[in-house]
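What follows is one structure encoded as structure tokens, with my remarks underneath.
The values are calculated or read from the model by the stated rules, or taken from the named source; none is laboratory data. Since the model is a prediction, treat every value here as computed from it, not as a measurement. Heads up, the Cβs are rebuilt from the backbone with ideal geometry, glycines too, and the neighbour counts pull from every protein chain shown.
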Amino acid sequence: MSQVDRYKPYKGAAAGWGAVISLTRNWLGSENALKNIRAMLKTNQNGGFDCPGCAWGEAPGASMLKFCENGAKAVNWEATGRLVDPAFFNKYTVSTLAEQSDYWLEYQGRITHPMRYDARVDRYVETTWDDAFALIAKHLKGLKSPHEAEFYTSGRASNEAAFLYQLFVRAYGTNNFPDCSNMCHEASAVSMGESLGVGKGTVVYEDLHHADAIFVIGQNPGTNHPRMLEPLREAVKRGAQVVCINPLKERGLERFQNPQNPIEMLSNGWEATNTAYFRPALGGDMAMIRGMAKFLLEWEREAQATGGEAVFDHAFIAEHTSGLDSYLAEVDATSWEHIVEQSGVPLHDIELAARMYARAKSVIMCWAMGLTQHVHSVPTLQEVINLQLLRGNVGRPGAGLSPVRGHSNVQGDRTMGINELAPKALMDALEKRFNFKVPRMHGHNTVMAIGAMERGEAKVFIGLGGNFAQATPDTPRTHAAMRKLDLSVHISTKLNRSHLVTGRDALILPCLGRTDIDVQAEGPQGVTVEDTFSMVHLSFGQLKPKSAHLKSEPAIIAGIAAATLGKHPIDWEWAVGDYGRIRNLIADVIPGFDNFNEKLLIPGGFHLGNDASDRVWKTESGKAQFTPCVLPEHLISEGVRNLPVKPHLILQTMRSHDQYNTTLYGLDDRYRGVYGMRDVVFANEQDIRRLGFEPGQKVDLVALWDDERERRVSGFTLIAYDIPAGQAAAYYPETNPLVPLESYGDRTYTPTSKFVAIRLEAAEASNLIPSSVA
Ligand SMILES: Nc1nc2c(c(=O)[nH]1)N[C@H]1C(S)=C(S)[C@@H](COP(=O)(O)OP(=O)(O)OC[C@H]3O[C@@H](n4cnc5c(=O)[nH]c(N)nc54)[C@H](O)[C@@H]3O)O[C@H]1N2
Ligand SMILES: Nc1nc2c(c(=O)[nH]1)N[C@H]1C(S)=C(S)[C@@H](COP(=O)(O)OP(=O)(O)OC[C@H]3O[C@@H](n4cnc5c(=O)[nH]c(N)nc54)[C@H](O)[C@@H]3O)O[C@H]1N2
Ligand SMILES: [Mo]
């Protein structure tokens, strides 16, 4: 392919024929095509397996085959016939493997045997499960304190695996649970927990059918939650409003950009439509939402003065909320100039958004990483909650708050207690049921765990899934920290970079995936997961495991636990013989899971319940809480500590269409018109020229931060793109070297992956290639 061909604006609709063609290419490239198609037919069906893609839920009673292009890619990727066996590891030293790309590493296939790193030959060599468990136990038992170990979890782990894992770790003696959630929806959990008493979404799938307006903020569902497009389309068709707030015009959402059914004329003559697309500054959402609230307040005061229809839901506010007055005082104190300047959205657009919001009886607010990966993500989300409370848009059909989760069971893992700061009630329940002293101190989150490794305080790392080395910020520094470990252990399906950033000892423990048949002592087992709507359901693998040496995640955890703790506090081997036994333990401890095994017989699973959606507020005040957060003074000076020089651009790091987090399925980003390459940076053509560069030129991106460390990625091609002035966008994980470990959200420790101040420098041997994407 010539370089010119690498940039082609995408003309088709999201999930149209382009998706089918890309899918077919993916399948035909697989050695297991037919089998995988058969497996696909069982995805998200009763008796089948839960899609290992995203956490989006199923429409209740859906009988049609439901899978999306990216879910199919996830299944196909896991179900590959290619194998990474001991012969493979014998062929390559770890240093040689480290020279390969992330794409190449995972493409090699499924890992077949437990492997142990042998530093003398710089290779992984085959080991036995017993030896692997004994090595882990030796290290764990040899630590001065249990807090010298870090237990990471990625959000694919099932409820059963997660529950056993946290039980083992707490019985061992620590709450060091860094997890992918720390880098993801932590801000949703913190803000909602504080304001509403529940750290999870308050809506269920059905609500989408009853909403008069759905706001999609900082989220790219066309790529990351493709099944969400369907209810959005359906909403527009029945006359509901879909409002997108996103600096990039994401394909899939773009259809919601153009006025479709003009409904009424606004007072000042603009046409109100039932779809609209607003493009804020990175991190400008809080100001935009504040502006909407300020308009509502103005209109409410007008209504009160003229005896018109109330804008606020006074009955709801009086009965269910607390803190309105101090919140409104804060709204009054926020100037329009500040709002417009910071949001990057013109005042009349903020007014239009407010009108659309106020016109809708029931509003659902959905969001993802565009809102959660900023310094001020918690106040931003509390502002979203404030707005919803003004009109009683919580705990009513068709209304609510919907943080759209990422990994297919990331929400369930938290429910099971994978939490460095778990609720007291959970700790009490564990202590009572299992009769051991549960540690109560704040454990390490992801950023803290890296710090502990860097200081040499953490000595053992165990990763239940994921790719810690690539998903985390400040890559070279994080890798150096990981290399200081005495032991690193990765429970994985596929080879990834984390396996190559070894401690003195290192193990790769290969596990069954979601698609694999899992047979234990009492026969084939299913696992459970919780989707973004708090629906819990069973998942049964369908494919014969690729190797007789694979163990399930629960079996691996049980093996580690038994070697380390014997039968304390449970007989681990007995528990994994039948996962129904683990579920009975869960039922004893975790609220909402009583009669767990019986409830799973309900087709489609059961809803966990959500106090806030029942208008029961488990907050400090016992009410839904208005929070008078102050708008940041300046985004840049707040977001970037002691900025040494003025940034050229603010960079967001995001996903392409052909990736699942650090897993790269391919090198295209079809909807953004990029083919065969990932080292690109999208910027506005005026910005590119203003900074003295040309589209197509290769540049280095240099992050600005107030320490001595140089943070640079090199040789990125500048793409002239439709992106607001002052902004840039590039792919994760390649740009993680630019995110300083110390740059994280207030109260969340979430790396600020959507707000990185950068300067551009001409790359050496600058190479001009044509590059313009619509
Ligand atoms: N196929 C596929 N599916 C996935 C994943 C995947 O990698 N591939 N990952 C899974 C995971 S773990 C997660 S968390 C989700 C992630 O799902 P998303 O959050 O959709 O993922 P990102 O690519 O990070 O996209 C962030 C979106 O927010 C916008 N944005 C960035 N900054 C701002 C801002 O300041 N304000 C606003 N309003 N918008 C902003 C970006 O333009 C982009 O559209 O997807 C899950 N599903
Ligand atoms: N710059 C930047 N950084 C980010 C983000 C961003 O937007 N920008 N997003 C953040 C977010 S939202 C998240 S969630 C994290 C993701 O962080 P992680 O969850 O750690 O990363 P993944 O890439 O999802 O993990 C992929 C690996 O999981 C393993 N795996 C796959 N399936 C299974 C399984 O069934 N069992 C087991 N045991 N292992 C399995 C495979 O070996 C694969 O290589 O990254 C975060 N990092
Ligand atoms: Mo995520």
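A quick yes/no check of all residues on (1) among the aliphatic types (A, V, I, L, M); (2) within 9 Å of ligand 1 (Cβ to nearest atom); (3) surrounded by fewer than 24 Cβ atoms within 10 Å (Cβ to Cβ); (4) at pLDDT 95 or above:
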residue: His210; (1), (2), (3), (4): no, no, yes, yes
residue: Glu234; (1), (2), (3), (4): no, no, yes, no
residue: Lys237; (1), (2), (3), (4): no, no, yes, no
residue: Asn246; (1), (2), (3), (4): no, yes, yes, yes
Name the single residue that is nearest to Met427 (Cα to Cα) among those in region 155-188 being in contact with a strand residue (DSSP E or B) (Cβ under 8 Å, 6 or more places away or on another chain) and surrounded by fewer than 24 Cβ atoms within 10 Å (Cβ to Cβ). Thr174
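Filter region 420-442 down to the residues that are of a type in the set (A, V, I, L, M, F, W, C) and part of a loop (DSSP other than H, G, I, E, B) and list them by number. Spell out how you get there, then give the answer.
Quick first cut of region 420-442, residues of a type in the set (A, V, I, L, M, F, W, C) only: 421-422, 425-427, 429-430, 434, 436, 438, 441.
Once the filter is applied, which keeps residues that are of a type in the set (A, V, I, L, M, F, W, C) and part of a loop (DSSP other than H, G, I, E, B), region 420-442 yields Leu421, Ala422, Phe436, Val438, Met441.
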Among residues of region 123-148, those that are surrounded by 15 or more Cβ atoms within 10 Å (Cβ to Cβ) and of a type in the set (Asp, Glu), counted: 2
Please find, within region 633-656, the residue that is nearest to ligand 3 (Cβ to nearest atom) out of those that are modelled with pLDDT of 95 or more and closer than 30 Å to Ser154 by Cα. Arg655
Does region 393-419 hold any residues that are away from ligand 2 (no atom under 16 Å from the Cβ) and part of a loop (DSSP other than H, G, I, E, B), and which are they? Asn393, Val394, Gly395, Arg396, Pro397, Gly398, Ala399, Gly417
Given the condition surrounded by fewer than 19 Cβ atoms within 10 Å (Cβ to Cβ) and part of a strand (DSSP E or B), answer yes or no: does some residue in region 726-737 qualify? no
If you scan region 152-184, which residues turn out to be over 24 Å from Pro473 (Cβ atoms) and in a strand (DSSP E or B)? none
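Out of all the residues in region 610-629, which are outside any loop (DSSP other than H, G, I, E, B) and among the hydroxyl-bearing types (Ser, Thr, Tyr)?
At the first step, the residues of region 610-629 found to be outside any loop (DSSP other than H, G, I, E, B) are 612-614, 624-625.
Within region 610-629, Ser613 is the sole residue that qualifies.
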Which of the numbered conditions does Val394 fail, given that it passes all the others? Conditions: (1) away from ligand 1 (no atom under 14 Å from the Cβ); (2) farther than 24 Å from Glu206 by Cβ; (3) within 24 Å of the chain's Cα centre (by Cα). (2)
Please work out which one of (1) in a loop (DSSP other than H, G, I, E, B); (2) more than 25 Å from the chain's Cα centre (by Cα); (3) buried (at least 24 other Cβ atoms within 10 Å of the Cβ) is the condition Glu457 fails and give its number. (3)
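To keep it simple, each residue is scored yes or no on (1) within 16 Å of ligand 1 (Cβ to nearest atom); (2) basic (Lys, Arg).
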{"residue": "Arg82", "(1), (2)": "no, yes"}
{"residue": "Asn90", "(1), (2)": "no, no"}
{"residue": "Asp102", "(1), (2)": "yes, no"}
{"residue": "Glu106", "(1), (2)": "yes, no"}
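Restricting to region 397-409, what's the tally of residues that are out of contact with any Leu (no Cβ under 9 Å at 6 or more places or on another chain) and within 16 Å of ligand 1 (Cβ to nearest atom)? Step through it out loud before you land on a result.
Taking region 397-409 first, the residues out of contact with any Leu (no Cβ under 9 Å at 6 or more places or on another chain) are 397, 399-400, 404-409.
The next check asks that each one be within 16 Å of ligand 1 (Cβ to nearest atom); those that pass are 404-409.
The number of residues fulfilling the criteria is 6.
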All positions within region 630-666 that are within 14 Å of ligand 1 (Cβ to nearest atom), part of a loop (DSSP other than H, G, I, E, B) and of a type outside the set (Asp, Glu): Pro632, Arg655, Ser656, His657, Asn661, Thr662, Tyr665, Gly666
Among (1) on the phi < 0 side of the Ramachandran plot; (2) surrounded by fewer than 17 Cβ atoms within 10 Å (Cβ to Cβ), there is one condition Asn595 misses while meeting the rest; what is its number? (1)
Report yes if Thr127 is within 16 Å of ligand 3 (Cβ to nearest atom), in the same structural domain as Gly559 (by TED's automatic domain parsing) and in contact with a strand residue (DSSP E or B) (Cβ under 9 Å, 6 or more places away or on another chain), otherwise no. no
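Could you list all residues from region 190-207 that are surrounded by 24 or more Cβ atoms within 10 Å (Cβ to Cβ) and of a type outside the set (Lys, Arg)? I'd like the intermediate steps shown before the answer.
Filtering region 190-207 for residues surrounded by 24 or more Cβ atoms within 10 Å (Cβ to Cβ) gives 191-192, 195-196, 200-203.
Within region 190-207, Ser191, Met192, Ser195, Leu196, Gly201, Thr202, Val203 qualify.
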For region 133-146, give me each residue that is of a type in the set (Gly, Ala, Ser) and either closer than 22 Å to Ala449 by Cβ or in a strand (DSSP E or B) (or both). Ala137, Gly142, Ser145
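Would you point out which residue out of Gly466, Gly566 is without any contact (Cβ under 8 Å) to a residue 40 or more places away in the chain and either over 28 Å from Val404 (Cα atoms) or within 21 Å of the chain's Cα centre (by Cα) (or both)? Don't jump to the end; show me each part of the working.
Values: Gly466 fails: without any contact (Cβ under 8 Å) to a residue 40 or more places away in the chain.
Result of the check over Gly466, Gly566: Gly566.
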Taking region 665-686 on its own, how many of its residues are at pLDDT 95 or above and either of a type in the set (Phe, Trp, Tyr) or within 20 Å of Gly406 (Cβ to Cβ) (or both)? 5
Single residue of Gly197, Gly142 found to be assigned by TED's automatic domain parsing to the domain that holds Arg396 and more than 16 Å from ligand 1 (Cβ to nearest atom): Gly197
Go through region 87-106 and report how many residues are surrounded by 15 or more Cβ atoms within 10 Å (Cβ to Cβ), part of a helix (DSSP H, G or I) and touching a residue at least 24 places away in the same chain (Cβ under 8 Å). 8
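Going through Ile590, Ile586, Ile557 one at a time, which residue ends up being in contact with a helix residue (DSSP H, G or I) (Cβ under 7 Å, 6 or more places away or on another chain) and within 27 Å of Arg110 (Cβ to Cβ)? Quick ask: steps written out before the conclusion?
Working: Ile590 fails: within 27 Å of Arg110 (Cβ to Cβ); Ile586 fails: within 27 Å of Arg110 (Cβ to Cβ).
Result: Ile557 is the single residue among Ile590, Ile586, Ile557 that is in contact with a helix residue (DSSP H, G or I) (Cβ under 7 Å, 6 or more places away or on another chain) and within 27 Å of Arg110 (Cβ to Cβ).
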Looking only at region 390-439, which residues are of a type in the set (D, E, K, R), touching a residue at least 60 places away in the same chain (Cβ under 8 Å) and surrounded by fewer than 24 Cβ atoms within 10 Å (Cβ to Cβ)? Arg391, Glu420, Arg433
Subset tally (residues that are within 21 Å of His444 (Cα to Cα) and more than 16 Å from ligand 3 (Cβ to nearest atom)) for region 195-214: 0
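Would it be correct to say that Glu710 is under 20 Å from the mean Cα position of the chain (by Cα) and in a loop (DSSP other than H, G, I, E, B)?
On the way: under 20 Å from the mean Cα position of the chain (by Cα): no; in a loop (DSSP other than H, G, I, E, B): yes.
For Glu710, the condition - under 20 Å from the mean Cα position of the chain (by Cα) and in a loop (DSSP other than H, G, I, E, B) - is not met.
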